[in-house]
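Following: one structure in structure tokens, then a few remarks.
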Amino acid sequence: MYTELSYDLHEHVGVITIRRPEARNALTFTTYKELEDAVRTSTARCLIITGADPAFCSGDDVKQIMANASNRPALTNMEPRLTPAADALLHTDIPIIAAVNGPAIGWGMELSLMADIRVASEKARFGELFIKRGLCCDVPGIGRLAQLVGRETAAELLFTGDIIDAARAREIRLVSRVVPHDQLIPAAMELARKIASNPPLAVRQLKNGLRRALDPDWKELGAWVSTTLSQLFKTEDHKEGVKSFLEKREPHFVGR
């Protein structure tokens, strides 16, 4: 059914695995669409999202999305809206566990933030790398990160684009636990089965209550993010961020 991810149902637990290991599970437009569909159509009582080793998700595929000239009009004239995959993840009533098996970078970190619980392998890495591409993050980096780690630490991660390891992520409470790499999926599955064994209507209402109490208006924030990204995609700094990445050199930003 899918070409860039898989969906497997184990009794009441659904497992979504991004499967582009040759590109460190970088996201294409196809991956985004398949992820949205998998979440929206899932009948599971609990979802696990992970990546095919060696990465969880390295964010957008720079070559296919940002460096492809044919995509430029779509990027610079975005409809003011929440990213459809983010809309599905943030509004589903199904509890989500991110089983972070390796680098979760850029939108990969955003993906982990949209989960209710993050379980990390000792090989996990986290980084809000958008600033290095002259861009702002998506809505979870603004609406969820500070809730988890505090405003000051969130600002440091967002403004620097620094990548942190699993131990540091646990220290700042970005993840709930860190486990040996070969125990990641078993640990996530054990937790998911425990959640799925509880009354599903009550679990979903609890998730809805957390959303009502803690989440911002995702659609309004999504409109702001997409409008802002449309502007930033036009800047020289964004082009330099992409070019320097492809050329494997340090960028030189000029503020234009």
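Restricting region 9-39 to residues that are basic (Lys, Arg) and closer than 23 Å to Leu184 by Cα, the residue that is surrounded by the fewest Cβ atoms within 10 Å (Cβ to Cβ) is Arg19.
Can you find even one residue in region 125-132 that is within 30 Å of Thr43 (Cβ to Cβ) and open to solvent by less than 60 Å² (accessible area, probe 1.4 Å)? Checked region 125-132: no residue is within 30 Å of Thr43 (Cβ to Cβ) and open to solvent by less than 60 Å² (accessible area, probe 1.4 Å).
Looking at region 108-124, which of its residues are open to solvent by less than 10 Å² (accessible area, probe 1.4 Å), in contact with a strand residue (DSSP E or B) (Cβ under 6 Å, 6 or more places away or on another chain) and of a type in the set (A, V, I, L, M, F, W, C)? Residues satisfying the conditions are Met109, Leu111, Ala115, Val119, Ala120, Ala124.
Criterion first (within 23 Å of Thr43 (Cα to Cα), within 18 Å of the chain's Cα centre (by Cα) and either buried (at least 16 other Cβ atoms within 10 Å of the Cβ) or among the aromatic types (Phe, Trp, Tyr) (or both)) does Ala196 satisfy it? Judged against the criteria, Ala196 is not a match.
Quick check: is even one residue across region 136-156 touching a Ser or Thr at 6+ places or on another chain (Cβ under 7 Å), surrounded by 20 or more Cβ atoms within 10 Å (Cβ to Cβ) and of a type in the set (Gly, Ala, Ser)? No, because not a single residue in region 136-156 is touching a Ser or Thr at 6+ places or on another chain (Cβ under 7 Å), surrounded by 20 or more Cβ atoms within 10 Å (Cβ to Cβ) and of a type in the set (Gly, Ala, Ser). Of the strands (runs of 3 or more DSSP E) lying entirely inside region 106-195, none contains at least 2 residues that are out of contact with any helix residue (DSSP H, G or I) (no Cβ under 8 Å at 6 or more places or on another chain).
When each of Leu191, Leu174 is tested for being crowded, with 19+ Cβ neighbours inside 10 Å and within 15 Å of Glu122 (Cβ to Cβ), the lone residue that passes is Leu174.
Do we find a residue being open to solvent by less than 20 Å² (accessible area, probe 1.4 Å), polar (S, T, N, Q) and touching a Phe, Trp or Tyr at 6+ places or on another chain (Cβ under 9 Å) anywhere in region 95-102? Looking for residues that are open to solvent by less than 20 Å² (accessible area, probe 1.4 Å), polar (S, T, N, Q) and touching a Phe, Trp or Tyr at 6+ places or on another chain (Cβ under 9 Å), one finds at least one in region 95-102, hence yes. The residues in region 1-55 that are under 18 Å from Thr83 (Cβ atoms), under 14 Å from the mean Cα position of the chain (by Cα) and assigned to a strand (DSSP E or B) can be counted, and the count is 4.
The values are calculated or read from the model by the stated rules, or taken from the named source; none is laboratory data. In this text the structure is predicted, and so the values were computed from the model without any measurement. When we count neighbours, we look across all protein chains shown, and the Cβ atoms used for this are built from the backbone with ideal geometry, even at glycine. Remember, those area values only see protein heavy atoms, side chains included, never the ligands or the DNA or RNA. Shrake-Rupley method; radii C 1.70, N 1.55, O 1.52, S 1.80 Å.
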